[in-house]
Amino acid sequence: MDPYLQITDNELVIPGLKQKRVFFHISDTHLAVRDALSTEEEARQAEEWEARWMVGKENFARSFGEPFGDAQRITTVEGFDKMLAFARDERPDALLFTGDNLECMHPAGERFLAARMKDCPLPFLAVPGNHESASLPGVWEPGVRILDYGDFRVVGIDDRLGTVSGEDLDRLAALGNEGIPMIVTCHIPVSTAMNRERMSKFSPYFFISDETADENGIRFVRFLMDCPAVKLVLCGHIHGYSDAEIAPGKRQITASQGMIGFIHRLTVRGE
Ligand SMILES: [Fe+2]
């Protein structure tokens, strides 16, 4: 396998599920793109972002004790294409992108990502991160996004502003009431009594707390904690891997950086 790629295996058991499903959870690829249509200023800016992350991504990897070598010293675009090529070979049921797909909204990045996902032969669900806006047509759209497998769902939520809109919360509550098991994907992780100690190592910028968020933010955290239909939360943002409970028996997985080749392969199966 290409030494850029770093695969972590996770598993979720949902009793009664008829079919095993495999997902690739990818986060924080922070694509910095320049292309033939970029202005000189845009090209210079993209180069600057790339150079900054070349150092920044190594620092994040070191701080989480995650492997980082020469194989990871490639551009965000090269890395992204390696992950897509691997996904095309492995053919998981879907790709789940949990935000900061782009370093920021920039014309060449938007063109690149929209084109790649248009050509992607696999289903995917992407949510925006705090570096992005609410919509990139063809990649992520405003509102609650759903991949429906009949006996369970993957539900994408925009929490990039450290809160969730009232409309999206209402939709989420309605889905919860239907009782069909769901995996929630979002960008910013949540902090509850159960993982507070771990999260308190980071500044409040890095999580949505059930103590300090705004009213909607708190409603979101409580929904994830209390709704029995929610089986797992997948997110990113902190640029390091963790798998910890936010409520008894309910885990939140934060993805490591996509821009150092991390793919968290999630297998969902019945008992
Ligand atoms: Fe990020």
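Where a number appears in this text, it was derived from the coordinates with a stated rule and is not lab data. Please read these numbers as outputs of a predicted model, since none were measured by experiment. Neighbour counts run over all protein chains shown; Cβ positions are idealised from the backbone, glycine included.
Please work out how many pairs of lysine residues in the chain are eight or more positions apart (or on different chains) and have Cα atoms closer than 28 angstrom.
Total qualifying Lys-Lys pairs in the chain comes to 13.
Once the convex hull of the alpha carbons of the stretch 6-269 is built, what does its volume come to per residue, in cubic angstrom?
121 Å³
Going by C-beta contacts inside 10 Å, put TRP53, TRP140 in order with the fewest on the left.
Ranked by crowding around the Cβ, least crowded first: TRP53, TRP140.
Would you list HIS187, HIS131 from fewest to most Cβ contacts within 10 Å?
HIS131, HIS187
If you restrict to DSSP beta bridges whose two residues both lie in the chain, what percentage is antiparallel, to the nearest 5?
35 percent
Roughly how many Å is it from the Cα centre of the stretch 103-179 to that of the stretch 1-77, as a whole number?
18 Å
Defining a contact as two alpha carbons under 8 Å apart and six or more residues distant in sequence, what relative contact order in percent does the stretch 83-132 show?
Contact order relative to length: 57 percent.
Working from Cα positions, state the angle (0 to 90°, nearest 10) between the long axis of helix 76-90 and the longest principal axis of the chain.
The angle comes out near 60 degrees.
Beyond 22 Å, what percent of the Cα pairs of the stretch 1-155 remain?
46 percent
Calculate how steeply helix 215-226 sits against the longest principal axis of the alpha-carbon atoms of the chain, using the helix alpha-carbon long axis, and give the answer as 0 to 90 degrees to the nearest 10.
Helix 215-226 sits at roughly 70 degrees to that axis.
With the chain treated as a Gaussian network of Cα nodes joined by springs under 10 Å, which of ILE183, ILE260, ILE146 yields the largest mean-square fluctuation?
Looking only at ILE183, ILE260, ILE146, the biggest GNM fluctuation is shown by ILE146.
Helix 40-63 versus the longest principal axis of the chain: what angle, 0 to 90°, nearest 10, using Cα atoms?
The angle comes out at about 60 degrees.
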